[in-house]
1. For region 266-290, which residues satisfy the criterion of being touching a residue at least 12 places away in the same chain (Cβ under 8 Å), assigned to a helix (DSSP H, G or I) and surrounded by fewer than 16 Cβ atoms within 10 Å (Cβ to Cβ)?
2. Could you count how many residues in region 137-182 are at pLDDT below 90, surrounded by 17 or more Cβ atoms within 10 Å (Cβ to Cβ), over 23 Å from GLY246 (Cα atoms) and small (Gly, Ala, Ser)?
3. Quick check on region 22-47: of everything there that is open to solvent by 40 Å² or more (accessible area, probe 1.4 Å) and in contact (Cβ under 8 Å) with a residue 40 or more places away in the chain, which residue is farthest from HIS74 (Cα to Cα)?
4. List pairs: first in region 297-322 and under 11 Å from ILE285 (Cα atoms) and part of a loop (DSSP other than H, G, I, E, B), second open to solvent by 70 Å² or more (accessible area, probe 1.4 Å) and modelled with pLDDT under 95, Cβ under 9 Å, 6+ apart or cross-chain?
5. I'm trying to understand the selection: among the residues of region 144-161, which are assigned to a strand (DSSP E or B), closer than 30 Å to LYS333 by Cα and of a type outside the set (Val, Ile, Thr)?
6. Quick check on GLY167: is it of a type outside the set (A, V, I, L, M, F, W, C) and free of Cβ contacts under 8 Å to residues at least 40 places away in the same chain?
7. Please find, among ARG379, ARG355, ARG321, the residue that is within 28 Å of HIS269 (Cα to Cα) and basic (Lys, Arg).
Amino acid sequence: MSTMAKRDYYEVLGLDRGATEKELKSAFRNKAKKFHPDANPGDADAEKNFKEVNEAYEALKDPQKRAAYDQFGHAAFDGMGRGPGGGGQGGFGPEFASSMSDIFDDLFGEFMGGRRGGGAGERHSGRERGADLRYNMSISLDDAFTGKTAQIRVPTSVTCEKCDGSGAKPGTDPVTCPTCSGAGKVRASQGFFTIERPCPTCGGRGETIKDPCNACNGAGRITKERTLSVNIPPGVEDGTRIRLTGEGEAGARGGPTGDLYIFLSIEPHALFQRDGSDIFCRVPISMTTAALGGHIEVPTLEGTLSRVKIPEATQSGKQFRLKGKGMPVLRSKLTGDMYIQVEVETPAKLSKRQRELLEEFQKISNGGTSPESHGFFDRVKGLFDGGSNS
């Protein structure tokens, strides 16, 4: 394709000359996806357009090249011995992989090992981030109420002190990988374009160890049990996750350390049930206290007793609220409430005198003494009487 026959680069990408960098990149992605040979197998026109799109983007993505092109057009690149695509006009030289990397992650990342993360540079330099760790911890409801500082022992990989994490024998250093020459990646031609893969010899580190450290066998890490202090704030709930930054597994070759995640579970309590920030407690009371009224003392999570007034004729299931006696709300000054639910206890193991008194009480009782039970049986009687009359 001669210089005179070349289409305007902006026209190739379908852009105006004032297009932003974001618009330029977006247009390149769309055009490259449209004309990519994988999507157009055997289509010579598509291959030609694909090369043209790449050449246009290669010229316009660089601010200096773009400024020269805006002023001089295609003549700005005459005499350079190659087109902006590299390797001659419309060619596919080393710069091709760089320009195509902008779209490979978006279009084909899931099919070629996933998107490249921010740690790629660390992997190529041999520094790999350590894995995150999980630790399951069970605590009591009282500890969740007050908060506590707990000591835990965690077996994990730590940096080898003998080689300082390098993996090489003290007094020696890792050597440059002979396969990738330290790049951490190798290139393989596939069709008319080049694909980069992690180096199979060094695993993408760019270095190999000739004399491994005898303490860690070249891993740069050893397994060791550590004691850590964990601060549990008041108000934590079942399933709360606490993150300890940098307390996970040590990174390879001196890479950054992962994190440790503490997952909390709350043990059942003998007296209390929790619902969010509220606490519930079922308290049995005597029949006489329920009938005549009185006072009871109930325990709280604070470790004190609270006095609760029971009015006359209290029925089983009645709830009484103790404001502010519940759980603290995590990372807040708010506090939930405590609810006392009374359960009227039927007398058992009666003495002769107690039985006589209850029988006498029963004789003089009427519908007003037990209105709910009398009302229920009156309705039952009316139902059956009505059925027999019909």
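1. Within region 266-290, MET287 is the sole residue that qualifies.
2. Looking only at that region, the number is 2.
3. Looking at the filtered set, the residue picked out is LYS33.
4. Matching pairs, first to second residue: GLN315/GLU372; SER316/GLU345.
5. LYS148, ALA150, GLN151
6. Taking the combined requirement at face value, the residue does not satisfy it.
7. ARG321
Rundown of residues vs (1) of a type in the set (Gly, Ala, Ser); (2) within 31 Å of the chain's Cα centre (by Cα); (3) farther than 13 Å from ILE262 by Cβ; (4) part of a strand (DSSP E or B), yes/no style:
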| position | (1), (2), (3), (4) |
| --- | --- |
| CYS163 | no, no, yes, no |
| ARG205 | no, yes, yes, no |
| GLU225 | no, yes, yes, yes |
| GLY239 | yes, yes, no, no |
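The values are calculated or read from the model by the stated rules, or taken from the named source; none is laboratory data. Since the model is a prediction, treat every value here as computed from it, not as a measurement. No Cβ is skipped: glycine too gets one built from the backbone with ideal geometry, and neighbour counts run over all protein chains shown. Surface areas here come from the heavy atoms of the whole protein model, side chains and all, with no ligands, DNA or RNA. Shrake-Rupley method; radii C 1.70, N 1.55, O 1.52, S 1.80 Å.
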